[in-house]
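Taken together, the values in this text are just the output of simple stated rules run on the coordinates, not laboratory data. On a predicted model such as this, the values are computed, not experimentally measured, just so you know. Every residue, glycine as well, gets a Cβ built from its backbone with ideal geometry; the counts of neighbours run over all protein chains shown.
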Amino acid sequence: MKTLIKNGTVVTSTGRSLADVLVDGETIAAVLAPGSSLLGFDVAGNVDAVIDAAGKYVIPGGVDAHTHMELPFGGTAASDTFETGTRAAAWGGTTTIIDFAVQTFGQRVMDGLSTWHQKASGNCAIDYAFHQIIGDVNDDSLAAMRSLPDEGISSFKLFMAYPGVFMSDDAQILKAMQVSADTGMMTMMHAENGPVIDVLAQQLIDKGNTAPYYHGIARAWQMEEEATHRAIMISHLTGAPLYVVHVSAKQAVEQLAAARDKGQNVFGETCPQYLYLSLEEQLGAPGFDGAKWVCSTPLRSKEEGHQHAMWQSLRTNDIQMVSTDHCPFCMKGQKDLGLGDFRKIPNGIGSVEHRMDLLYQGVVDGQISLERWVEITATTPARMFGLYGKKGVIQPGADADIVIYDPNGHTSIGFEKTHHMNMDHSAWEGFEIDGHVDTVLSRGKVIVDDNQYLGAKGDGQFVKRSLSQYLI
């Protein structure tokens, strides 16, 4: 099927222009000046469908490089399946996710990867790829990691937090980063000092401080800065590229910026919750309501200026991109496991549906440029994780993952309004967006149009990734 998207403003990470986009089957065939006769025939008269994008932006589909569908955590599991979570992503203009396959302690790496393939295969609405969580760094795991690039898995994640569950000690991190340096794989790091946090949390509980607010107090910013610095030092020693996930503290950004200023291959992501939400307003909500916003790293203090610093870091490229860390849990039967003990609240927020809109509001508010919006939500995630050329760009030969975005539209976010994630609440209740996702194409197929879902379970395919295309 051939489709012509005409009269729109094509926005890339480097500029914008009035252009027509010709889609042939699953890929983009041409980007043409409006009404161009360059191909030697009337394009509009020789296609199967014409989409008029006049007055709208035509952008590459979003790439969310950090999601957790069906992740087991804290005695329960993330409430979105690959089917429900990727459908919600499609509604919000995200056309590719990179989820995390999990190797748990005592499990073989490839068995963990196989489990995630089974969860996702045939269930996804959009294309998907995997990172690999290494929850048990041992000789067998280190050997298996070397074959991950052959499986299209070019990055792995380690944890400095969650002792006894996922945490790797410094010696294990060193060994894993040596594999990273040898293979070119990206080391992803959850950078928080888990053992210290556990002591602080126990001390708070002992004093009767059990409310969700104290989740943010226990996970102090000093322990994010310290762990970020430690990861950077081991990365420097080994020569491994390092990507720090869900950066929330301005002091952690300073550590990343200092390393980058020295030419080190060190990168970071932040998430919408660290741009808009805070310790005081959300985690400190009355009663148990703050549990909705319990995630790790935690929401930071607005009074201390962390949110302002995150926006600034996106403007200066000290933080390179925005992912969601989408890990949703319902309040009833999941978050309420932590009534009386904030340590037992499952950690996670559902945002995969709203990332593109929330970041577009940053354009409207003057926080970032229109081009930077495309860069941090689509182009850089594709480059960072070996998908660029197929994803994250509108150019001939790329997958026809395209979003038509109406800057004159409006989106009201809320559980009874815009909500397709499998949760019983919205972490973004009441947010108003001065823009709207009108049409979404995934590999040339229209899957969302005019507030209707036209896709199907299984539309999405597994995408093998190459090594990072972002390294210095």
What does the charge dipole of region 410-472 about its Cα centre add up to, to the nearest 20 debye, if the Cβ of each Lys and Arg holds +1 and the Cβ of each Asp and Glu holds -1?
620 debye
How large is the dipole of region 1-88 about the Cα centre if only Lys and Arg carry +1 and Asp and Glu carry -1, each at its Cβ, rounded to the nearest 20 debye?
320 debye
Could you work out the helix-only [θ] at 222 nm for the chain, with each DSSP H run of four or more residues adding -39,500 (n - 2.57) and the total divided by the number of residues, to the nearest 500 deg cm²/dmol?
-8000 deg cm²/dmol
Residues ASP48 and HIS308, FRET efficiency given R0 of 56 Å [Cβ-Cβ distance, rounded to 0.05]
0.70
On the formula 1/(1 + (r/R0)^6), with r taken between the Cβ atoms of SER37 and GLN395 and R0 of 22 Å, the FRET efficiency rounded to 0.05 is 0.60
Taking Cα atoms only, helix 109-120 is inclined relative to the longest principal axis of the chain by an angle, in degrees rounded to 10, of 50 degrees
So which chymotrypsin sites (Phe, Trp or Tyr not before Pro) in region 89-140 end up in coil per DSSP with only 12 or fewer other C-beta atoms within 10 Å?
PHE105
Mind pulling the angle between the C-alpha long axis of helix 194-206 and the longest principal axis of the chain? Nearest 10 degrees, somewhere in 0 to 90.
70 degrees
Can you tell me the length gained on complete extension of the stretch HIS236 to LEU174, counting 0.36 nm per residue apart and subtracting the Cα distance?
21.3 nm
For VAL50, other-chain or 5+-apart residues with amide H closer than 5 Å (H placed, Pro excluded) are LEU4
Could you point to the residue in ALA227, THR187, MET331 farthest towards the positive end of the chain's charge dipole, with +1 and -1 charges on the Cβ of Lys/Arg and Asp/Glu respectively?
THR187
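With a 10 Å radius around each residue's Cβ, average the other Cβ atoms per peptide and rank 56-64, 384-392, 300-308, highest first.
Details: 56-64: 27.6, 384-392: 24.8, 300-308: 17.6.
Peptide ranking by packing, descending: 56-64, 384-392, 300-308.
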Do you know the relative contact order of the chain, to the nearest whole percent, from alpha carbon pairs under 8 angstrom that are 6+ apart?
22 percent
What's the FRET efficiency of LEU467 with SER369 using the Cβ-Cβ distance as r and R₀ = 22 Å, to the nearest 0.05?
0.15
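Within the set of other residues whose C-beta is less than 11 Å from the C-beta of ARG355, count the net charge using Lys and Arg as +1 and Asp and Glu as -1. Display every interim value, and only then the final one.
Working: positive: none; negative: ASP64, ASP325, GLU353, ASP357.
Net charge in that neighbourhood comes out at -4.
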With charges set only on the Cβ (+1 for Lys and Arg, -1 for Asp and Glu), what does the dipole of the chain come to about its Cα centre, in debye to the nearest 20?
540 debye
Calculate how steeply helix 306-316 sits against the longest principal axis of the alpha-carbon atoms of the chain, using the helix alpha-carbon long axis, and give the answer as 0 to 90 degrees to the nearest 10.
50 degrees
Note, ³J(HN,Hα) from phi for region 211-220, Karplus 6.51, -1.76, 1.60, rounded to Hz, x at Gly and Pro
6, x, 3, 6, 4, x, 6, 5, 8, 4
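Could you tally the net charge around ALA65, taking each other residue with its Cβ under 13 Å from the Cβ of ALA65, Lys/Arg +1 and Asp/Glu -1? Don't jump to the answer; show the numbers that get you there.
Numbers: positive: LYS157, ARG355, ARG383, LYS391, ARG465; negative: ASP64, ASP99, ASP127, GLU269, ASP325.
So the surrounding residues net to 0.
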Under 5 Å, built H, 5+ apart or other chain: amide partners of THR27:
ALA400
Extension gain (nm, one decimal) between ASP341 and SER114, 0.36 nm per residue minus Cα-Cα
78.2 nm
